[in-house]
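The values are calculated or read from the model by the stated rules, or taken from the named source; none is laboratory data. Because the structure is a prediction, the values reported are computed rather than measured. Cβ placement follows ideal geometry from the backbone for every residue including glycine, while neighbour counts extend to all protein chains displayed. All accessible areas refer to the heavy atoms of the entire protein, side chains included, with ligands and DNA or RNA removed. Shrake-Rupley method; radii C 1.70, N 1.55, O 1.52, S 1.80 Å.
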Amino acid sequence: MVVSLTLLVLGVVTAAVAPRLLAQAVWVELEPVVALWVWQCVVAAVLLSFGLSMTLSAAVAWQAVRGQLFASAPNGVIEAYELGAHQPWSAPLAVLLACGGLWTAAMLAREIRRARARRRQRRRELLVRSPLLPGEEQGAGPLVVLEGERPDAWWLPGTTPQLVITTAALQRLKGRQLDAVLAHEEGHARARHDWLLHCSAALAGGFPGIPVFAAFRGEMHRLVELAADDVASRRFGRLTTALALVELNEDRGVFGPSASPEPGLPERVNRLLSASPRLKPVQRLRLTVTAALVPLIPLLVALIPGLTALN
């Protein structure tokens, strides 16, 4: 029971400390792709801690679970995990964490259903505004041009992602600015950012009282845009990408003194124009490896008692 409680505390501490550390880190703005990886590892460590705590608590509480997990384990291992001792809190803790796991799965399934419904609705609306020509198949081309007075471009995810752009955007974007917008949206499609957004939305919607999941959702929305900006700027330049963002959003009052519907856009433009240097490859590698080790900590906590008993 001590190990399961340690794992539970580890998950809580990670959920409380990691978002604060990441919020204070300067390198997050410089390396959004690395930051996306770090956030995924942190959330994976939190979920893994709770999952292992649930498993060990269930093994302590019920013989059926204990028989499945520790059927061939020697007595030393069983004693190391205190599986034979009566622990009144093991069953309620296991049930509580199991309910949390089932709720997480349900929220993820709900988010996927909603995303698919939204995607089908948007594709139906797209067919109304841009009907197929005779002999043309739906989703056959990666680019769809719509008649529209408002400059806009967005990525429509799916098995065959499509970039939708209005005629007003084509008229306003000049030269390589259009290429930068296309590269930005292709960056979203290739990295499958929609899955990150769905997972973060499911966790934040299912557990609105847990700050780490709310921060995870907010950072995913911000970091995927920064990562896509970097994809475009590396191919077509920071100035071109920044000007493309301005041209697409200038009429929306994003850069004016009034409240903006997308408050992150001015910061994105300033970031592109500031041209801050990236981290060195060794620093990026160090951060990536360190983040990958974070989910291993709960695994080590769960395995060390058994390995020690075997030795």
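Here are the numbers:
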| quantity | calculated |
| --- | --- |
| Any pair with Cβ under 6 angstrom, 6 or more apart, that starts in segment 170-189 at a residue that is in a helix (DSSP H, G or I) and ends at one that is of a type in the set (D, E, K, R) | R172/E247; A183/R235 |
| Some residue of segment 217-225 being of a type in the set (G, A, S) and open to solvent by less than 30 Å² (accessible area, probe 1.4 Å) | no |
| Test: residue in segment 231-244 that is surrounded by 18 or more Cβ atoms within 10 Å (Cβ to Cβ), under 30 Å from R114 (Cβ atoms) and aromatic (F, W, Y) | no |
| Inter-residue pairs, beta-carbon under 6 Å, first assigned to a helix (DSSP H, G or I) and in segment 86-112, second surrounded by 14 or more Cβ atoms within 10 Å (Cβ to Cβ) and of a type in the set (F, W, Y), 6+ apart | L97/F50 |
| Only one of A64, A58 that is out of contact with any Pro (no Cβ under 7 Å at 6 or more places or on another chain), free of Cβ contacts under 8 Å to residues at least 60 places away in the same chain and open to solvent by 70 Å² or more (accessible area, probe 1.4 Å) | A64 |
| Test: residue in segment 233-252 that is under 22 Å from the mean Cα position of the chain (by Cα), modelled with pLDDT of 90 or more and among the charged types (D, E, K, R) | no |
| Residue within segment 211-225 that is assigned to a loop (DSSP other than H, G, I, E, B) and either under 30 Å from G100 (Cα atoms) or not small (G, A, S) (or both) present | no |
| First in segment 204-228 and at negative phi, second anywhere and of a type in the set (S, T, Y) and part of a helix (DSSP H, G or I), Cβ under 7 Å, 6 or more apart | G206/T104; F216/S200; R217/S200; M220/S200 |
